[in-house]
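Below: the structure, in structure tokens.
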Amino acid sequence: MGRELKRLRRASRRVSRRHGPDRRTGQRPSNRWREADADRNRIHHRIANLRQDALHKLTTNLAREYGTVVVEDLNVAGMLKNRRLARHIADAGFGEVRRQLAYKTVWGGGRMIVADRWFASSRTCSGCGATKAKLPLHVRVFDCDECDLVLDRDVNAARNLAKLAGDCLTGTGVAGDRGARAPKARGADRQTRATRTRRTAGTGRAGGARPRKRKEAGHRTQDTEQLSSW
């Protein structure tokens, strides 16, 4: 992905050096601008395909590998305000990952649990349950103040999410249990049901439906007799 982004920057600079369209002056784009813009659009299309392919592979492997998947409801709009991490957060596609996991876990017979936005997965100790008041993003190691637990920040959060899934569910298939493998996707291991026999179309309307008989109103005959007398 990084190599394609470098190509995109070079292509964008090439487009900016050409004479492009201008609505204010009515300037038409040059042929060299059209060629450079077409190259830039191809790179944009390739980057979008690479990102979509990576997301589909990630979500498919997660849905097939684990019986239960836990995701966090993060404030992505607030995270994008960090100018140093905005591009990387946007490339991760958190919303798309959650959307794909929602239906792929159903296909595989698994479950997806969404942790609340205010669930302190990173600030809570996975050993004793003590919660820190603050834990800056640059601190990558969790050091508990109550017990002697020293653990990686992400691993500690993963353990808390697995414990949350264990509290919500009963039985096997807890997040992190590799032994709980879901069945084949989309119910492929099920037998195909027997097809229904089609109804034979009889004489009448399409589908064998019989036409209804119209009931003639009795007052019509009286009206005709009155008209004939006039």
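The values are calculated or read from the model by the stated rules, or taken from the named source; none is laboratory data. None of these values were measured; they are calculated from a predicted model. Glycine also receives a Cβ, built like all others from the backbone with ideal geometry; neighbour counts cover every protein chain displayed. When the accessible area is computed, the model is the full protein with side chains, heavy atoms only, and any ligands, DNA or RNA have been set aside. Shrake-Rupley method; radii C 1.70, N 1.55, O 1.52, S 1.80 Å.
Here are a few things to note about the model shown:
- Shape of region 16-58, Cα gyration tensor, a/c cut at 1.5: prolate
- Legend: distances between Cα atoms for K57/K134; K132/K163; K81/K163; K6/K104; pairs beyond 23 Å are K57/K134; K81/K163; K6/K104.
- From phi via Karplus (6.51, -1.76, 1.60), per-residue ³J(HN,Hα) for region 2-10 in Hz, x at Gly/Pro: x, 5, 5, 5, 5, 4, 5, 5, 5
- Taking amide hydrogens as placed 1.01 Å from N in the peptide plane, the amide H of I113 sits under 5 Å from those of V69, V70, V71, each at least 5 positions away in sequence or on another chain.
- Centre separation in Å (Cα based) which lies between region 1-65 and region 84-121: 26
- Accessible area (Å², per residue) of region 1-114, counting only protein heavy atoms and a probe of 1.4 Å: 70
- Inter-label distance for R18 and R87, nm, one decimal - labels placed 7 Å from Cα along Cα-to-Cβ: 2.3
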